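Notes for the one structure printed next.
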Amino acid sequence: DNHGNIGFQVFAVDPANPRIILGGNAALYRTTDEGTTWMEIGHWWGDPDPRRSIHTDQRVIAFSNTVSGVVYGGNDGGVVSSTNHGLDWTNLNQNLPGALMYSVALSADGSMMAGTQDNGAVLSSAGAHWDMLSGGDSSHDLIDPSDSTWAYYVIYDRDSFTRVNTQTHQSTNIAPAELEGDADCAFFPPFSMNPSSPKHLLASCQHVVRTLDATASPVVWTKIG
């Protein structure tokens, strides 16, 4: 397809063949005709062909100056490499798992809730391995410090405030309707818990809202500022 209006965060020109250019934003693109036409190499949601399954959000692309056809890419999932000028890719993270964490919250039994860049809201129940509860970018993730049954997360918009039962993994959207009319809202809307009264939560965009029982159904929010 012709992607003449693609905006690239990063790009690199193949020193062995300058007609080949790789460009990256959420996905990774490749041209073999100096940019006249582009082919999407990897979908951020994953490609059935593992050679084309590249994690979202490309951050750096670098061709080798000594070995023709070798190129490396860095993205929010780690590092990938190609030996055929960026056509097929290999994941280099087999023994290097990792994630960029924006927040970590701890409960008394060792359970942890964390928000990550592009690897979702993740939970470690009583010190067990990490499970992804929701994909995407997550921040301001919370867990009851005394009762790890209840945790909360937000995924990059005002409609994504969520309560999760860590025992059953059942999630419930608790987004405050009181924030829907706000003209401005941060990419990660602020979300916090009173550690002395863990059922008390605050959330905000332009307005600040509070609930005195985040485990209720439905959760009742009140504007306080």
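Give segment 141-173 a look and list any residue that's over 17 Å from Tyr102 (Cβ atoms), open to solvent by 40 Å² or more (accessible area, probe 1.4 Å), of a type in the set (Ser, Thr, Tyr) and without any contact (Cβ under 8 Å) to a residue 40 or more places away in the chain, or say none.
Matches in segment 141-173: Thr168, Ser171.
When you check Val220 against the structure, is it open to solvent by 80 Å² or more (accessible area, probe 1.4 Å), farther than 17 Å from Ala105 by Cβ and either modelled with pLDDT of 95 or more or in contact with a Phe, Trp or Tyr (Cβ under 9 Å, 6 or more places away or on another chain) (or both), yes or no?
In short, yes.
If you go through segment 41-51 one residue at a time, do you hit one that is open to solvent by 50 Å² or more (accessible area, probe 1.4 Å), within 19 Å of Val80 (Cβ to Cβ) and modelled with pLDDT of 85 or more?
There is no residue in segment 41-51 that is open to solvent by 50 Å² or more (accessible area, probe 1.4 Å), within 19 Å of Val80 (Cβ to Cβ) and modelled with pLDDT of 85 or more.
Name every residue in segment 121-140 that is open to solvent by less than 30 Å² (accessible area, probe 1.4 Å) and without any contact (Cβ under 8 Å) to a residue 24 or more places away in the chain, in order of residue number.
The answer is Val122, Ser124, Gly136.
Restricting to segment 135-156, give me the number of residues that are touching a Phe, Trp or Tyr at 6+ places or on another chain (Cβ under 9 Å), closer than 16 Å to Ala216 by Cα and not in a strand (DSSP E or B).
Total meeting the criteria: 1.
For residues that are assigned to a strand (DSSP E or B) and either touching a Ser or Thr at 6+ places or on another chain (Cβ under 7 Å) or of a type in the set (Ser, Thr, Tyr) (or both), tally how many sit in segment 119-132.
5
Return the residue satisfying two criteria in turn: it lies in segment 174-198 and is touching a Phe, Trp or Tyr at 6+ places or on another chain (Cβ under 8 Å) and in a loop (DSSP other than H, G, I, E, B), and of such residues it is surrounded by the fewest Cβ atoms within 10 Å (Cβ to Cβ).
Top of the filtered list is Phe187.
The values are calculated or read from the model by the stated rules, or taken from the named source; none is laboratory data. None of the values given here were measured: they were computed from a predicted structure. When we count neighbours, we look across all protein chains shown, and the Cβ atoms used for this are built from the backbone with ideal geometry, even at glycine. To get the accessible areas, we keep the full protein, side chains included, count just its heavy atoms, and leave off ligands, DNA and RNA. Shrake-Rupley method; radii C 1.70, N 1.55, O 1.52, S 1.80 Å.
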